[in-house]
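The structure appears below as structure tokens.
Bear in mind that the values in this text are calculations on the coordinates, not laboratory data. Quick caveat, the model's predicted, so the values are computed rather than measured. Cβ sites come from the backbone with ideal geometry, for glycine too, and all protein chains shown count toward neighbours.
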Amino acid sequence: MAPKTFKRKLCASFKSYGKQKGKLNAEKMNLKHFSLEELQRATKNFSQECLVGSGAFGNVYRGTFHLEGTLAIKKPNAEQYTSTDEFRNEVRLLSKVKHNNLVGLVGFCEETGPKAAKILVYEYVTNGSLLDYIMGRGGRSLTWRQRVNIAIGAAKGIAHLHEGIHPSIIHRDIKPSNILIGEGFEAKVSDFGLVRSGPVGDQSHVSSLVKGTPGYLDPAYCASFHLTPFTDVYSFGVILLQLIAARPAVESSRSSTISHIINWARPSIEKGCIEEIIDANLLLEECNMEMMLKMGQLGLRCVVQVPRERPTMSQVWQELEANLNLAPEYPIPLDSQRFSSRSIHESVIRISNQSEHDYSQSIVSIDGIGLQRFHVDMDSVSFQSASLRCLEMSIDDDFSIPR
């Protein structure tokens with residue numbers, strides 16, 4: 001063989017190897033590679049009948065498979081992934097995320113050509129999201145013990161991202177709609193579209209454009225662009241308060257006054273009067289008010305101004321679990337608790353008279369220069385206060401995946 005011919009073949013072989021190296025190996029990652037035709041059959045060609053959720057990223061469909069049963073198919077918008085490598089990096093990352101309190105990735109679909117597709121397939125979680133229960137959709141509600149157990153499970157899942165994976169992962173979008181409720185009412189944290197690798201070694205933080213959801217964004221992150229695991233802790237603290245009060249993170253009344261749940265709940269929690277803010281549904285049944293108060297106090301510690309003064313997510317679930325283990329086996333009768341029937345009546349009237357919460361919100365993104373409003377999504381309420389503007393930042397169509 002002539003030297004030049006041999007050299008050309010050798011170079012071609014190396015180029016071919018380089019292309020193959022970037023491809024996803026489903027078997028190695030213990031995932032299934034679904035064909036687009038399989039997903040179309042399972043979702044009746046991505047029909048409205050199978051649509052179970054939508055957002056800035058795209059749509060989620062319920063798919064029924066012969067062998068795998070029911071799965072959730074996340075079909076992104078065309079602009080969700082800026083490159084094939086970005087999609088592949090996300091798949092590789094999520095394949096490593098295995099925990100009972102994290103929604104598991106089952107497989108993916110990657111096809112090129114006229115029918116190009118980049119789709120993720122997750123386990124299907126049966127009982128909707130925590131947001132459904134906070135909003136009371138379809139008359140849904142949770143007992144006090146279910147609320148604590150959901151908080152413990154979600155905290156364990158987030159703690160696994162922070163401490164059980166190396167390098168650590170910061171979720172960046174902890175909110176009720178991203179905490180799904182399983183068949184046994186266990187919590188499963190979902191939607192990893194905004195995840196970032198956390199600090200490594202001696203790093204105290206990673207620098208990142210601010211992305212997240214209004215009402216759940218850590219003001220310290222908004223002000224400094226410094227992302228740490230404590231950013232997720234802040235968001236979770238807001239959720240703890242919502243589990244107690246069944247109230248939006250940010251609420252705007254007809255009088256245009258704006259109230260964040262932290263500022264609204266703090267006075268009552270600090271003076272130990274949890275009955276002033278508790279969900280009326282809990283006042284109509286036997287409830288451990290002391291446990292609710294402790295959860296509220298923990299929520300306030302999660303949202304303190306200085307990130308390093310907040311507990312870690314492991315400390316959060318351990319404290320919740322320890323307090324729950326000390327709680328009486330049987331519910332505490334209402335007449336044995338320290339608040340009066342009058343306060344119960346006033347709380348029920350106060351909450352029942354509240355207008356239906358508007359969970360629509362304006363979504364904005366920081367580009368390092370200014371704010372630009374461009375999208376509408378769920379989970380909180382839009383507001384105009386300049387002093388609270390950092391709470392108005394939310395996800396855009398971009399997301400970052402560890403490289």
- Message: Along the charge dipole of region 29-123, pointing to its positive end and built from +1/-1 on Cβ of Lys, Arg, Asp and Glu, which listed residue (Ala72, Ser83, Gly113) has its Cα farthest out?
- Response: Ala72
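Order these peptides, 23-29, 315-321, 263-269, by their mean beta-carbon neighbour count within 10 angstrom, highest first. Can you show the working numbers first?
Values: 23-29: 12.7, 315-321: 19.4, 263-269: 17.1.
Result, highest mean first: 315-321, 263-269, 23-29.
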- Given H placed on each backbone N at 1.01 Å, which residues far from Val106 in sequence or on other chains put an amide H within less than 5 Å of it? Val121, Tyr122, Glu123
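Between rounded, prolate and oblate, where does region 176-332 land on the alpha carbon gyration tensor, with a ≥ b ≥ c its root eigenvalues, rounded for a/c under 1.5, else prolate if a/b exceeds b/c?
Details: a/c = 1.77, a/b = 1.40, b/c = 1.27.
Prolate is the answer for region 176-332, as a/c is 1.5 or above and a/b outweighs b/c.
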- Using r as the Cβ-Cβ distance of Phe225 and Lys23, and R0 as 35 Å, what FRET efficiency do you calculate, to the nearest 0.05? 0.50
- So, with points 7 Å from each Cα along the Cβ direction, the Phe185-Val304 label distance in nm works out to 3.2
- Note on the structure: A correct fewest-to-most ranking of Asp191, Asp202, Asp85 by other Cβ atoms within 10 Å would be Asp202, Asp85, Asp191
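What is the magnitude of the charge dipole of region 29-123 about its Cα centre, with +1 placed on the Cβ of each Lys and Arg, -1 on the Cβ of each Asp and Glu, and no other charges, expressed in debye to the nearest 20?
Taking the Cα centre of region 29-123 as origin, the dipole is about 160 debye.
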- Query: Around Glu319, what is the net charge, scoring Lys/Arg as +1 and Asp/Glu as -1 over all other residues with Cβ under 13 Å from its Cβ?
  - Reply: +3
- Mind giving me the nanometre distance, one decimal, between the label points for Ser35 and Thr82, set 7 Å out from Cα along Cα→Cβ? 3.4
- Note on the structure: Once amide hydrogens are built 1.01 Å from N within the peptide plane, the residues lying 5 or more places from Val52 or on another chain with amide H under 5 Å from its amide H are Val60, Tyr61, Arg62
- Relative packing of 116-123, 303-310, which averages over residues the other C-beta atoms within 10 Å, highest first: 116-123, 303-310
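Kindly count the pairs of lysines across region 29-123 whose alpha carbons are less than 15 Å apart, treating pairs on different chains or eight or more residues apart as eligible.
Values: Lys32/Lys74; Lys32/Lys96; Lys32/Lys118; Lys44/Lys74; Lys44/Lys75; Lys74/Lys118; Lys75/Lys115; Lys75/Lys118.
Pairs that pass both the separation and distance tests number 8.
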- Query: How do 294-301, 215-222 rank on mean C-beta neighbours within 10 Å, highest first?
  - Reply: 215-222, 294-301
